[in-house]
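Read through the structure below, which is laid out as structure tokens, and then see the notes.
The values are calculated or read from the model by the stated rules, or taken from the named source; none is laboratory data. Computed from a predicted model, the values in this text were never measured in an experiment. Note that we place each Cβ from the backbone using ideal geometry, even for glycine, and neighbour counts take in every protein chain shown.
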Amino acid sequence: MPTPILHFTHVSHLASIASAGLRSDSEAQRDGVLAVEVGSRSVKDQRRTRDVPVGRGGVVADFVPFYFAPRSPMMFAIDKGQVPEYADGIDPLVYLVTTVERLVELGTELIFTDGNATTGFTCFSTDLTEVDDLVDWAIMKEKYWRNTPEDGDRRRRRMAECLAVGPVPWEAFGAVVARSDERSQEAAAQLATIGINADIAVRPDWYF
């Protein structure tokens, strides 16, 4: 079975991504292609200083991040207004969907983590056969993942990532997902400006 992975971004970025690929935060910041910054500045600062101890090295921000499930803790923080740099909520956010296997097929170098990549004790691996051991699939199926007195590590594990060496080409993505029909139409219109005719799936259950 293929292993789906997801990246969410602002709908206004779709045409740029389709044209030039999905880039890491380091590359996007360098090239000035982020029309709307949706991530927390403090989190991004952490990702720019957290070393990746396997593969080609570098820092976490040098890689394109994918999650293994929708409704991530970062999206939850955006939904609750906890990202002061961004105030438009989660409705304009769209998911780009691919699979681990598709990225491998395209020759993309991948690194997997068992949780939040900025946490000091998070494990990193380049071994595809270790993904099922790294990822807590049970918690990926849950809508909410807050820590409990019995398990204070749930949130970190829910943030397990697949880090890809970018740019990830548009051909890697098998689907684009929006929260509503209105946003689906907006996404399709964005892609139509560069000649891409796309059907955008609507999955409100992938959002809070």
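A quick yes/no check of all residues on (1) over 14 Å from L163 (Cβ atoms); (2) touching a Lys or Arg at 6+ places or on another chain (Cβ under 9 Å); (3) of a type in the set (V, I, T):
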| position | (1), (2), (3) |
| --- | --- |
| H7 | no, no, no |
| A18 | yes, no, no |
| R47 | no, no, no |
| G55 | no, no, no |
| R71 | yes, yes, no |
| Y86 | yes, no, no |
| G89 | yes, no, no |
| L93 | yes, yes, no |
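Out of all the residues in the stretch 187-199, is one or more out of contact with any Cys (no Cβ under 6 Å at 6 or more places or on another chain), more than 29 Å from D62 (Cα to Cα), charged (D, E, K, R) and modelled with pLDDT under 95? The answer is yes, given that some residue of the stretch 187-199 is out of contact with any Cys (no Cβ under 6 Å at 6 or more places or on another chain), more than 29 Å from D62 (Cα to Cα), charged (D, E, K, R) and modelled with pLDDT under 95. Residues considered: V100, V135. Of these, the only one that is within 30 Å of A18 (Cβ to Cβ), in contact with a Leu (Cβ under 8 Å, 6 or more places away or on another chain) and in contact (Cβ under 8 Å) with a residue 60 or more places away in the chain is V100. Applying the criterion of being buried (at least 18 other Cβ atoms within 10 Å of the Cβ) and among the basic types (K, R) to the residues of the stretch 64-121, the residue that is farthest from the chain's Cα centre (by Cα) is R102. Got at least one residue in the stretch 3-24 being part of a loop (DSSP other than H, G, I, E, B) and among the aliphatic types (A, V, I, L, M)? No, every residue in the stretch 3-24 fails to be part of a loop (DSSP other than H, G, I, E, B) and among the aliphatic types (A, V, I, L, M).
For the stretch 53-87, a residue qualifies if it is of a type in the set (V, I, T) and touching a helix residue (DSSP H, G or I) at 6+ places or on another chain (Cβ under 6 Å), and the qualifying residues are V60, V83.
In the set (1) within 22 Å of P73 (Cβ to Cβ); (2) in a helix (DSSP H, G or I), the condition left unmet by R102 is number (1).
Any residue that is within 25 Å of E182 (Cα to Cα), of a type in the set (A, V, I, L, M), in contact (Cβ under 8 Å) with a residue 60 or more places away in the chain and surrounded by 15 or more Cβ atoms within 10 Å (Cβ to Cβ) - is there at least one of those in the stretch 34-43? Checked against the condition, which is being within 25 Å of E182 (Cα to Cα), of a type in the set (A, V, I, L, M), in contact (Cβ under 8 Å) with a residue 60 or more places away in the chain and surrounded by 15 or more Cβ atoms within 10 Å (Cβ to Cβ), the stretch 34-43 yields no hits at all. Could you check the stretch 9-21 and list, in sequence order, the residues that are within 22 Å of F76 (Cβ to Cβ) and in contact with a Pro (Cβ under 8 Å, 6 or more places away or on another chain)? H10, V11, S12, listed by residue number. Taking interchain pairs and intrachain pairs at least six residues apart, which have beta carbon atoms under 6 angstrom, with the first residue in the stretch 58-77 and in a loop (DSSP other than H, G, I, E, B) and the second surrounded by 22 or more Cβ atoms within 10 Å (Cβ to Cβ) and of a type in the set (S, T, N, Q)? Taking only residues 6 or more apart or on different chains, the pairs are F63/S24. Residues in the stretch 1-33 that are surrounded by fewer than 15 Cβ atoms within 10 Å (Cβ to Cβ) and without any contact (Cβ under 8 Å) to a residue 12 or more places away in the chain: M1, R30, D31, G32.
Restricting the stretch 152-174 to residues that are basic (K, R) and touching a residue at least 40 places away in the same chain (Cβ under 8 Å) leaves a set whose member that is surrounded by the fewest Cβ atoms within 10 Å (Cβ to Cβ) is R155.
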